[in-house]
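Novice: Pasting a structure here, questions to come.
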Amino acid sequence: MDGNATGSRGRQIFWSEEGRDRHFLLGAIFQLLEEEGWLFQLLEEEGWRYSTDTGWNEWDIQIYGNFWWSVALQTVTEYHGSGKCLTRVRLRSRLVTTTVILNLVVLALLVYRQLNISHVDLWFIIPYLLFVIFLVTRARALKSRVAELIDLAAHRAGLERMVRRDKKAKLESTPEVEVPMDVVDSVSSGRP
């Protein structure tokens, strides 16, 4: 699955008819992180480390993907009765401390240099802008790799990937369900 066909890689939605909620998904992610030899090897090759929520963090898992970025994974499950669960996953790229410090130092040097010369010197500004573009592409690549990991874990946990209706591309495995209008009206008005 590519990012264009499934929408934003930062937000994913999964459905389960068997009562499998976010805890099943997180368990499958931990299983992939710890037990699968090839995936653990991949994480080691990539230099990825991770930490889990202690109960006081705003994220469930934080993956330290590279020298510049980390990805925070947040999950929430909506329970729709009769074992039906909708699990939402959000991935957020976060700057690592080294990225913030390096950018502050470089920006301070650029501002100092520009204040002390009479013209705009693009020979120093353009390389910095290229570096910022490099940082953004690294963040997108890391988030995409983590999203692939979540897709694999959700599949192994028995969760079905959902696609928003407003997107033009649809997954072939997602069945289309039509609900009669009278059913929707009776539910919304609270009468049988």
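Novice: Starting from the Cα of S51, step 7 Å along the direction of its Cβ; do the same at R140; then give the gap between the two resulting points in nm.
Specialist: Result: 2.9 nm between the two label points.
Novice: Here's another thing I want to ask about it. Given a Förster distance of 22 Å, report the FRET efficiency between H23 and K84 from their Cβ-Cβ distance, rounded to the nearest 0.05.
Specialist: 0.90
Novice: Also, quick follow-up: Starting from 0.36 nm per residue, how many nanometres of slack lie between D121 and V106 once their C-alpha separation is accounted for?
Specialist: Extending this stretch completely gives an extra 3.9 nm.
Values in this text are rule-based calculations from the coordinates and carry no lab data. If you're wondering where the values come from, they're calculated on a predicted model, not measured in any experiment. Positions of Cβ are generated from backbone atoms using ideal geometry, with glycine treated the same way; all protein chains shown enter the neighbour counts.
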